[in-house]
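Just below is one structure, and these are the notes that go with it.
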Amino acid sequence: MSWLWFIVQHRIGRRWRDCVIAAALIGLLMGAALFALAGARRTQSSYDHYLRSVDSSDISISQDGFDPARNNEVARSAGVISARTYLGMQVVVVVDGVPDMTQFSEGVASYDGAFFDHDRFVASRGRVPDQRNANEIAFDDIAAQRYGYHIGQQLDIGIVSVAALDGSAPTIEHPTHVTVVGIGAFPDQIIEDDADRTPRMLLTPAFTATALDGAFYNLQYLQLGDVDTNAETIRQHLATYTDPGSVDIHYISVDRASARRGLRPLSITLAVLGVIAAGVATVIGAMALARLLRRDASDNDLVVALGGSPRGVRVASVVLPAMAIVGAAATAVIVAIVGSPLMPLGPAGSFDGSGGVDIDVAVIGLGVIAMIVAAAIAGAVVISRPTTHTRDRTHPRHSRVLNRAVLASSSPTFTTGLRMSFEGSRQSRRVPMRSVIAGTAIAVAMLVVALGFASNVRSLTHDPRLYGWNWDVALRAGQGFGQLDAEQSASILDGDTDIEHWSAAAVGDDLINGVDVPLFGMSPSADVHPSLLSGRFLAQTDEIVLGAATADALDAHIGDVVRIGAIASPRALRIVGIATLPSIGGQHVLHPSLGLGAIVAPEHVPGVVNGLPGSPGPSLAFIRFRDGADPAAVQRLVASPRRWPQTKDSMCSPLNARQRSSVPRRSETHHCSWPSSWQPSPPQRSPSHSLHRSAGAATTSPCCEHSASATNS
């Protein structure tokens, strides 16, 4: 078989450059495909991975005030593996002995290791504070970005007593000099919607021990053995000695499901790009390997004619393509592994805890196997067909395109170009036209897909109506937990000549067909309401409009009847519309968000709204200005919070905001949370918020200052 080894050496020496080029081309394309497919899997599972990395709890229990004995009793309940608590405090930065309300952050005070032992705070800069040091704090990224905090900064902080929240001059208690040692994120902040974004300050257990009297709510994280059974037991136990309206039990699994749903568009996009890249690699790779096999087809006939074994000739023919496939597979694996630190995409990408190189054995292994199988099939097809040289001698091919060009009396230059491109009778003069056409078609298809996706994302993020904001300004009392005085608020809004229409909305949640759904309570005569996808708005009190995602979850359609309320006394409501609901409502509790929720008449919202009894007025006001309104209308509207009478439970905080130059066609949120002046706050909605977040929140807290949600359309 020395002649066979001679042929192999000869062809490697003559064709090695072609082999390297084919291996590099196929390897890079397939590597991109494996990188995208592995990235899609990693992106979709990034939030689950993050929760595992921070040792997340299974449920959280929020209660008004703080009773250590009650929390200890819950911690000792059957099935509780571990329990940690944090306290909500009104903490302010003190400048020259005066609280600086322009730097408002929610005080998250760890009582016994919450955010340290499990549900851990993740520092993206600096480090996590020392639990034993009362003079170390950390801020979340929102506070750092909004107020310009940095590692090593010295601050004076203090607690504002709950008694001062009724509008009287606040007094500072427990003044403390602290150092900022970390900036990062809390577990529930990784994927949250606009209604939940708020600056927070992490306080250590050492600080909390000195300021227990400043707590106005507490949230207890529990890790359970059997989530469903143990959580229900705890719920029943709490109901025996607490007001049901003052306790909220939240399942972390809800956040996990919401995160998966929010990350799905990114994952699908990556997967589609991976499939396209794999298809391109397969087509171009098959063509490249076929050309390698056919390059020496005439030599094979000559070797056989001189007495060489046909089987040996075929073996010699596949050596070079086999080397190209091995090189391509190695290149693809290297590209996929080297690019893995760029994944996952999405808000959990910076905190998912994996970091660095990630080898997805399943994707890479299956990808390499698919490459080998596809190459074997392509090689078998080419080898089994007669060579071009033999075929040309017996049945010369004539192109229909060329024949039509000749019949049309085309120029000799044009017909010669067509003959070289499409005629296969003289291989040395043939241009790889089919490869060029296929490659061009695939490239154009990928470009169209990319441009279409980018255009749709831009439309989504620049048109507030597409994500439910069908108004110019939204006012929210007490972060969604307070209520405006309905009568006096109506007097203010009706008397403003720059306002064309406005509508009030209550917030809450109730069971719809046995599923807990967040609710907007709006009058059937409301002129301003969330954007409708189909159907119409409420016309009677026995009608309901569902969010698109909620309708899908309930398998409900326009014209169907659903039952709302407790099992003992449900009411029948007919579905008349499907809407895209905005992300707004009570902060850190179940509230409507992109497609999730429902709109009902106010009387169908439970009497206890987010734990506040009485519900004397709406929590939200949606405002639309008339065309050509004075750009200063917003400033006049919110110039003084004392224009807006609220209940005792409503609290206001200032916003660090910037001005807008125009009023028409915008969507803003202004929040009342502390007795101070309001300012318009037009934040830019990022694509990640529109794509990654579709529902849910991770914790429950009464209220805190929150950034606005707006985008110019």
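Among the candidates Asn72, Asn133, single out the residue that is touching a residue at least 12 places away in the same chain (Cβ under 8 Å), farther than 28 Å from Ile191 by Cβ and open to solvent by 20 Å² or more (accessible area, probe 1.4 Å).
On the way: Asn72 fails: touching a residue at least 12 places away in the same chain (Cβ under 8 Å).
One residue alone meets the criteria, Asn133.
Would you check if there is a residue in region 131-139 being at pLDDT below 95, among the β-branched types (Val, Ile, Thr) and within 11 Å of Met201 (Cβ to Cβ)? No, there is no match, as no residue in region 131-139 is at pLDDT below 95, among the β-branched types (Val, Ile, Thr) and within 11 Å of Met201 (Cβ to Cβ).
Can you tell me which residue is modelled with the highest pLDDT among those in region 186-242 that are hydrophobic (A, V, I, L, M, F, W, C), open to solvent by 60 Å² or more (accessible area, probe 1.4 Å) and outside any loop (DSSP other than H, G, I, E, B)?
Going through region 186-242, the residues hydrophobic (A, V, I, L, M, F, W, C) turn out to be 186, 190-191, 195, 201-203, 206-207, 209, 211-212, 215-216, 219, 222, 224, 227, 231, 234, 238-239.
Okay, now just the ones that are also open to solvent by 60 Å² or more (accessible area, probe 1.4 Å), so 209, 212, 239.
Narrowing further to those that are outside any loop (DSSP other than H, G, I, E, B): 212, 239.
Working: Leu212: 92, Ala239: 74.
In this case the residue turns out to be Leu212.
Checking region 455-464 against the condition returns a match, with at least one residue being surrounded by fewer than 16 Cβ atoms within 10 Å (Cβ to Cβ) and β-branched (Val, Ile, Thr). The set of residues in region 615-641 being in contact with a Gly (Cβ under 8 Å, 6 or more places away or on another chain) and modelled with pLDDT under 80 consists of Ser615 alone. Restricting attention to region 141-185 and to residues that are in a loop (DSSP other than H, G, I, E, B) and modelled with pLDDT of 85 or more, the residue that is surrounded by the most Cβ atoms within 10 Å (Cβ to Cβ) turns out to be Tyr149. Which members of region 596-608 meet the condition of being crowded, with 24+ Cβ neighbours inside 10 Å and more than 12 Å from Ile564 (Cβ to Cβ)? Matches in region 596-608: Leu596, Gly597.
None of Gly365, Gly327 is at pLDDT 85 or above, part of a helix (DSSP H, G or I) and surrounded by fewer than 17 Cβ atoms within 10 Å (Cβ to Cβ) except Gly365. Answer with yes or no whether Ala572 is open to solvent by 10 Å² or more (accessible area, probe 1.4 Å), assigned to a strand (DSSP E or B), in contact with a Pro (Cβ under 9 Å, 6 or more places away or on another chain) and in contact (Cβ under 8 Å) with a residue 12 or more places away in the chain. Answer is no for this residue. Considering region 406-520, the qualifying helices (runs of 4 or more DSSP H), each wholly inside and each with 3 or more residues that are at pLDDT below 85 and of a type in the set (Gly, Ala, Ser), run over 433-462, 486-494. Looking at Val381, Val318, Val335, just one residue is open to solvent by less than 70 Å² (accessible area, probe 1.4 Å), assigned to a helix (DSSP H, G or I) and at pLDDT below 85, and that residue is Val318.
Against the definition (crowded, with 24+ Cβ neighbours inside 10 Å, within 29 Å of the chain's Cα centre (by Cα) and more than 30 Å from Asn135 (Cβ to Cβ)), how does Gly39 come out, yes or no? Yes; evaluated as a whole, the condition is true for this residue. Inclusion of Ala486 among residues that are in contact (Cβ under 8 Å) with a residue 60 or more places away in the chain and crowded, with 22+ Cβ neighbours inside 10 Å is not warranted.
Just to confirm my filter: which strands (runs of 3 or more DSSP E) fall fully inside region 38-107 and include at least 1 residues that are modelled with pLDDT of 90 or more? Walk me through how you get there before you give the answer.
Working: elements: 59-64, 80-89, 91-95, 98-100.
Correct list: 59-64, 80-89, 91-95.
Here Leu475 passes the criteria (1) within 34 Å of the chain's Cα centre (by Cα); (2) open to solvent by 40 Å² or more (accessible area, probe 1.4 Å); (3) of a type in the set (A, V, I, L, M); (4) within 30 Å of Asp630 (Cβ to Cβ) except the one numbered (2). Cβ separations smaller than 9 Å between residues 6+ apart or across chains give the following pairs from region 95-114 residues that are without any contact (Cβ under 8 Å) to a residue 40 or more places away in the chain to residues that are open to solvent by 10 Å² or more (accessible area, probe 1.4 Å) and among the aliphatic types (A, V, I, L, M): Val98/Ile172; Asp100/Val94.
Among the residues of region 518-560 satisfying the criterion of being polar (S, T, N, Q) and surrounded by fewer than 19 Cβ atoms within 10 Å (Cβ to Cβ), which is farthest from Arg571 (Cα to Cα)?
We begin by selecting, within region 518-560, every residue polar (S, T, N, Q); these are 523, 525, 531, 534, 540-541, 550.
Within this subset, residues satisfying the condition of being surrounded by fewer than 19 Cβ atoms within 10 Å (Cβ to Cβ) are 523, 525, 531, 534, 540-541.
Details: Ser523: 18, Ser525: 21, Ser531: 25, Ser534: 23, Gln540: 14, Thr541: 11 Å.
In this case the residue turns out to be Ser531.
Looking across Ser105, Ser124, Ser77, one residue alone is closer than 28 Å to Pro347 by Cβ, open to solvent by 20 Å² or more (accessible area, probe 1.4 Å) and of a type outside the set (A, V, I, L, M). It is Ser124. Would you say Gly27 is in a helix (DSSP H, G or I), of a type outside the set (Ser, Thr, Tyr) and crowded, with 21+ Cβ neighbours inside 10 Å? Yes, satisfied.
The values are calculated or read from the model by the stated rules, or taken from the named source; none is laboratory data. Quantities reported herein were computed from a predicted structural model and do not represent experimental measurements. FYI the Cβ positions are ideal-geometry reconstructions off the backbone, even for glycines, and counts take in every protein chain you see. For accessibility, only protein heavy atoms count, side chains too; no ligands or nucleic acids. Shrake-Rupley method; radii C 1.70, N 1.55, O 1.52, S 1.80 Å.
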